[in-house]
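Written out below as C-alpha cells is the structure these notes cover.
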Amino acid sequence: MSLENADNVVLNAPPIKDFPDDYFAQHDEDVRVLVNHFPLMGISTPEEASRLVALELGAGVGMHSGLLSSHFGRVLATDIFKYTALRGGTFAAHVAAEHQKHGFPFHAERIDFITSSAMDLILRDNLADIGISINTFEHIPDPGAALNELLRCVKPGGYLYIQFDPIWTADTGSHFLNYVPEPWGHLVYSQAEFVAKMRAAGAEEYEVASFTDGINKRRYAYFQQILSDGESKKRFIVVSKTLPEHWWGVVDPSHTSHPFMRKALDLGYTEQELMTRGMRWVLRVS
C-alpha cells in the first residue's frame, strides 16, 4: 500500500461519541502501566522517552495517542479506520477536548494519525524506537503479520510493548457482554444466535459488524505460538519473563459457576484458555 492510496482507505468506523469518564480513565491506566514498564525497555528518565519515536499500532479513537504524546517526542498513531475524516474533519480537536476535560495535555504537534493496515504498514523500515499496541491484537485478523510489521518498523535494539485484554476465549471475549450477558456466550451460541441476541438487545449494526468481523477469534495457544516462534527464530528477546505474560480471571466471580463454562469445556476449550483474560509482551528487537 502506498501513501498515495492510503488516504482512500475509509472503512465504516464506529461513530465518535462523547465518552464516559471511566473510558478515559481506563486509557490513562493503560498508559500508566506502559510507563511502569519503561525500565524494562531501557528508559530511565522522562527526558530519554521524550527523544524517542513511538509507533502505535491500532490507535483507535486516539485516547492512548494523546496520552502517549506526553511521554514521547513523536507518536505515529496508525489505524485501519480513517478517524481523522470523522466529525467533519475535527477529530483531533475532539480528542484534544476529551484530554483537556480530564486535565491532560494533548500535544497535537507530536502526533501523526496515519491510515494503514496493521498487517501492511505504509511506514519504512527501522523508523521507530518503540512499538506499542494496546488492546488491538485481539482484533487484527492476522496478529502474526502485525507482529512482523512492528519488528520491521522498529529499529534493532528497540522494544515492542504489546498488551491486549480480553482475548476471544475469555468470559467477556465477545466484547459485548452488555448485550449478551452470558459469560462465554460467544463460544456456546452460534454466531447467528449471538448476533440475533445482540440485535434483540438493541445493538446497532456497526456493533454487530464489530463482533462478526472486528474480532479475530484467535485462541490462547495461537498467541503463545507466535511468541515462541519469534523467539526461537531470534527475531526478538522476550524481556518480560519475570512478569506475568498473561493474567487470569473473570469480570464477575459468579461466572465460574455459570453453566456456560461447563458447556464451553464440553466444546473442547480448556480451563486455561477460558480463564486467561489477557496477555502482555515486552520484546527487544534483534
From the Cα gyration tensor of the stretch 3-164, with a ≥ b ≥ c the square roots of its eigenvalues, which class applies: rounded if a/c is under 1.5, or else prolate if a/b is larger than b/c, or else oblate? oblate
Just rank E245, E29, fewest to most, by other beta-carbon atoms within 10 angstrom. E29, E245
Cα pair distances of the stretch 162-286 binned at 5 Å [whole percent]: 2, 11, 19, 20, 17, 13, 9, 6, 3, 0
Compute the Rg/Rh shape ratio of the chain: radius of gyration over Kirkwood radius, all on alpha-carbon atoms. 0.96
For S65, S50, what's the fewest-to-most ordering of other Cβ within 10 Å of each Cβ? S50, S65
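Suppose only helical runs count, i.e. DSSP H with n ≥ 4. What mean residue ellipticity at 222 nm does that imply for the chain under -39500 (n - 2.57) per run, divided by all residues and rounded to the nearest 500 deg cm²/dmol?
On the way: 12 runs with 101 residues, N = 286.
It comes out at -9500 deg cm²/dmol, rounded to the nearest 500.
Taking the Cβ of M119 as the centre, find all other residues whose Cβ is under 11 Å away and add up their charges (Lys, Arg: +1; Asp, Glu: -1).
Net charge around M119: -3.
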Using the C-alpha gyration tensor of the stretch 76-141, what are the square roots of 5 times its eigenvalues, in whole angstrom, with the largest one first? 23, 15, 13
If D213, D142 are placed from fewest to most neighbouring beta carbons inside 10 Å, the sequence is D213, D142
Test of understanding: in a Gaussian network model of the chain with alpha carbons linked when under 10 Å, which of Y220, Y161, Y23 would top the mean-square fluctuation ranking? Y23
Given K197/K263; K82/K241; K155/K233; K82/K217; K197/K217, which pairs have Cα atoms separated by over 26 Å? K82/K241
Here the longest stretch of the chain that holds no trypsin sites (Lys or Arg not before Pro) in a DSSP loop having at most 13 other beta carbon atoms within 10 Å is 125-232
Between E48 and D125, what is 0.36 nm times their sequence separation minus the Cα-Cα distance? Round to one decimal in nm. 25.5 nm
Gained length - A93 relative to R32, 0.36 nm times residue gap less alpha-carbon distance: 19.6 nm
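Each value in this text was obtained by applying a stated rule to the coordinates, not by laboratory testing. All values derive from a computational prediction rather than experimental measurement. No Cβ is skipped: glycine too gets one built from the backbone with ideal geometry, and neighbour counts run over all protein chains shown.
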